[in-house]
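Below you'll find the structure, written out as structure tokens, and then a few comments.
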Amino acid sequence: MKKIGIIGCGQMGGGIAQLCAQNGFPTLVNEVSQEFLNKGLDRIKANLSKNVEKGKLTKEAMEKTMSNLKGTAKLEDFRDVDIAIEAVIENFDEKKRVFSTLDKICPAGAILATNTSSISIMDIASTTKRPDKVIGMHFFNPVPIMNLVEIVLGLQTSNETYTAIKELSASLGKAIVTTKDRPGFIVNYLLIPYLLDAIRTLESGTATKEDIDTAMKNGCNMPMGPLTLSDFIGNDTVLYIANVLYEGFKETKYVAPPLLKQMVTAGLLGKKTGKGFYGY
């Protein structure tokens, strides 16, 4: 991998771009506008600066990382990347648009990876003429800190593509798990019912949000409680994934509680909007 392209410079895309640049890869990151791109690049620089202040990173390493990182508001600039990693909103129509465009722009040998947390790799691959080179590469937030990558194999993903992504993930210092293409993959298949049950527990009045989170943190040694985690992921994203899982399996454990739907409608999406189950 001589050059990596990242589509999206938000919370996830920016984290992936930072990680790739920190590990020495020339990295090109794209956003829909120069305004969003500048915000994303500023966020990356601020994250690196904090690490320098804490003594976790040298100033020289920060400067090297930023020199590896370039931004663009034009997908046409991806014409010479070896891999494009998509990290846009968790919405199939938007991913379909991105992959269809990338398929026309990127070199014939380039791998097209998606950071989707729930959408079928086969469905995404069907929008391209290179389904053998389409694969899931699911990072976890915050990307520079969380140690896992889920590699998701589409029905037509080639062994060559899988090997290349496995090697890239290892070079980024990540633990690697491999999963077949089914709704939720490994982590969200297991995680989403837990989050939905926590929301139902709050909705029923069984316990306060603070007590629910404290119980799971201290009783099960979780790093954060489920309601805090839902806020951190984004309550809209939790709802979207729950709906995908329900459509895939038709099991009641994936039915979203009314409270979650109401919060999303009200714009209480969590940390990214400043208010969810908690205020930020």
Of the criteria (1) buried (at least 16 other Cβ atoms within 10 Å of the Cβ); (2) at pLDDT 95 or above, which one Glu53 fails: (1)
Test: residue in region 75-85 that is at pLDDT 95 or above, more than 27 Å from Phe232 (Cβ to Cβ) and assigned to a loop (DSSP other than H, G, I, E, B): yes
Qualifying positions in region 108-130 - buried (at least 21 other Cβ atoms within 10 Å of the Cβ) and within 11 Å of Thr157 (Cα to Cα): Ile111, Leu112, Ala113, Ile121, Ala125
Test: residue in region 188-201 that is without any contact (Cβ under 8 Å) to a residue 12 or more places away in the chain and touching a Gly at 6+ places or on another chain (Cβ under 6 Å): no
Hits in region 34-60 - residues which are assigned to a helix (DSSP H, G or I), touching a helix residue (DSSP H, G or I) at 6+ places or on another chain (Cβ under 6 Å) and not basic (Lys, Arg): Gly40, Ile44, Leu48, Val52
Any hit, region 161-178, residues being under 18 Å from the mean Cα position of the chain (by Cα), at pLDDT 95 or above and on the phi > 0 side of the Ramachandran plot: yes
Extreme residue, nearest to Ala207 (Cα to Cα), among residues of region 227-244 that are aliphatic (A, V, I, L, M) and over 14 Å from the mean Cα position of the chain (by Cα): Leu227
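Taking the condition among the hydroxyl-bearing types (Ser, Thr, Tyr), modelled with pLDDT of 95 or more and farther than 23 Å from Val244 by Cβ, does Thr72 pass? Please lay out each step first, then the result.
Numbers: among the hydroxyl-bearing types (Ser, Thr, Tyr): yes; modelled with pLDDT of 95 or more: yes; farther than 23 Å from Val244 by Cβ: yes.
So Thr72 fits the description; yes.
The values are calculated or read from the model by the stated rules, or taken from the named source; none is laboratory data. Bear in mind that the values here come from a model prediction, so they are computed numbers and not experimental data. Cβ sites come from the backbone with ideal geometry, for glycine too, and all protein chains shown count toward neighbours.
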